[in-house]
1. Go through segment 188-199 and report how many residues are touching a strand residue (DSSP E or B) at 6+ places or on another chain (Cβ under 8 Å) and part of a loop (DSSP other than H, G, I, E, B).
2. Just to verify a result, which residue in segment 226-235, among those that are assigned to a helix (DSSP H, G or I) and touching a residue at least 60 places away in the same chain (Cβ under 8 Å), is nearest to residue 70 (Cα to Cα)?
3. For segment 307-323, does any single residue satisfy the condition of being surrounded by fewer than 19 Cβ atoms within 10 Å (Cβ to Cβ) and part of a helix (DSSP H, G or I)?
4. What's the number of the only condition in (1) touching a helix residue (DSSP H, G or I) at 6+ places or on another chain (Cβ under 6 Å); (2) surrounded by 15 or more Cβ atoms within 10 Å (Cβ to Cβ) that residue 566 fails to meet?
5. Given the conditions (1) in a helix (DSSP H, G or I); (2) in the same structural domain as residue 460 (by TED's automatic domain parsing), and given that residue 535 satisfies all but one, which numbered condition is not satisfied?
6. Kindly evaluate residue 7 against the criterion of being at pLDDT 75 or above and part of a helix (DSSP H, G or I).
7. Would you check if there is a residue in segment 52-71 being out of contact with any strand residue (DSSP E or B) (no Cβ under 6 Å at 6 or more places or on another chain), at pLDDT 85 or above and surrounded by 14 or more Cβ atoms within 10 Å (Cβ to Cβ)?
8. Out of the residues in segment 532-544 that are free of Cβ contacts under 8 Å to residues at least 40 places away in the same chain and under 17 Å from residue 197 (Cα atoms), which is surrounded by the most Cβ atoms within 10 Å (Cβ to Cβ)?
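The values are calculated or read from the model by the stated rules, or taken from the named source; none is laboratory data. Owing to the predicted nature of the structure, the values given are computational and were not obtained by experimental measurement. All Cβ positions, even for glycine, are placed from backbone atoms using ideal geometry, and neighbour counts span all protein chains on display.
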């Protein structure tokens with residue numbers, strides 16, 4: 001759809017809404033909004049309900065302008081906001097689906113005005129007698145007027161938002177029930193949130209909040225805001241939208257279904273992981289029938305079993321999650337190892353399962369399920385990173401005895417099939433096309449992967465890539481700039497022996513030399529003169545290493561505009577130098593590479 005058509009449709013919907021006769025469903029409006037935003041993100045129609053400014057009769061000018069909000073339709077859309085404000089304390093509130101208005105206290109009383117275009121709106125003060133104000137009034141307050149679900153009756157109409165708008169547009173007739181005004185900021189429902197860099201966990205948290213609050217009020221998303229009012233003032237606005245808030249509005253659905261059975265699979269560390277299977281339901285345009293059960297203890301705590309009635313939720317690209325168990329089995333309370341829904345033996349090798357923390361674990365030394373996942377991990381993006389070597393491929397190879405005998409102890413054997421005498425077997429098992437693809441992929445990474453990638457791919461506890469890299473550099477330089485846990489050091493010794501063995505045997509695959517140790521580890525807070533990704537890439541060329549958070553090992557905190565309070569507090573706590581962008585480039589003048 002061309003820009004002019006989008007503008008026409010959105011303007012018509014905006015005018016109809018402000019006139020109290022909305023005709024377009026919110027989901028349809030959001031689709032049009034996204035299309036116009038891609039073409040013209042600064043378009044004034046995107047941020048406020050437009051009115052016919054040629055006829056100001058009956059309109060009241062607001063004491064202060066009301067700004068709109070940016071929108072995020074998936075978790076990826078939140079990244080720019082979180083990059084700027086994620087280090088600060090955030091607050092999450094419902095995005096109420098009612099009628100936006102403004103309440104102003106004057107010496108003559110209270111004035112109620114529809115928000116309109118953010119500068120002026122229709123005076124609806126005569127309807128105040130029908131609006132509950134369950135909060136302390138400030139002199140000027142943006143609110144949402146709506147009908148809570150507890151006060152709603154289907155006889156009022158089909159859509160609570162449309163009904164509210166229609167009632168507020170009345171001149172004389174009383175509405176069917178009292179409406180409620182809720183402040184746009186600092187409302188009665190809010191949750192503080194500290195973002196730790198885990199976007200997936202944040203998505204699950206937002207989904208749970210949405211499912212909970214949607215039972216109380218009509219809402220069409222969530223608002224994510226900087227918690228501190230002073231920081232909001234500092235962040236300011238761009239004349240159309242506030243910088244310090246964003247609306248999370250992916251397609252969100254929850255539905256009720258019944259658990260039909262449970263599957264258990266073994267992870268690379270031997271943990272028995274449950275998958276809950278339920279009657280298929282359609283959520284956000286896809287049909288879903290399964291969801292993770294996290295761990296065995298979780299199954300017990302949720303008191304979930306075959307036949308349980310569950311509410312499953314999904315928001316955009318977030319995978320389905322169980323929001324609530326409606327009929328938890330009260331007889332299953334407590335940490336009960338004999339729980340009827342839990343397996344007693346490994347579903348793959350048949351070894352007896354035992355408890356380790358919240359997990360049931362298989363300790364069978366030759367458990368093929370563990371080995372499949374573990375070997376696939378070696379070639380994943382967390383290790384050597386070769387596309388096309390997934391669990392299905394590994395499972396086919398391990399079903400061959402000769403391949404099993406090699407791969408069970410040497411997961412890296414695919415890097416040099418000739419050295420391990422497996423060319424014929426792998427070609428026969430996988431076929432020419434897959435075999436050729438894998439050989440080509442291995443050739444492409446030859447001489448590009450270091451000892452650190454090899455060790456990280458082994459998946460030993462506490463030895464992710466960054467820790468492995470530090471320890472490998474220690475072997476090279478004899479210097480260690482960070483604290484390494486004892487378990488990681490012990491596992492590294494074991495991994496280093498395996499690396500030495502592999503490097504000596506393989507003749508057709510060569511590991512890259514270890515990169516230089518980082519000159520410095522730095523963190524960034526606030527906005528700089530260039531995009532953060534460009535700064536990180538530039539500094540990487542100077543052997544400077546970026547860290548998402550401030551730790552004791554951080555050497556510098558680069559402070560830009562609208563900097564985060566939490567990162568600065570941590571830097572002060574650890575005595576870490578705080579430098580500006582200008583000071584950074586002065587520091588780099590003597591750095592060559």
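1. Residues of segment 188-199 touching a strand residue (DSSP E or B) at 6+ places or on another chain (Cβ under 8 Å): 188-195.
If we keep only those that are part of a loop (DSSP other than H, G, I, E, B) too, we end up with 188-190, 194-195.
Qualifying residue count, segment 188-199: 5.
2. The selected residue is 235.
3. no
4. (1)
5. Only one criterion is unmet by residue 535, namely (2).
6. The answer is yes for residue 7.
7. Looking for residues that are out of contact with any strand residue (DSSP E or B) (no Cβ under 6 Å at 6 or more places or on another chain), at pLDDT 85 or above and surrounded by 14 or more Cβ atoms within 10 Å (Cβ to Cβ), one finds none in segment 52-71, hence no.
8. Only one residue tops the list, namely 536.
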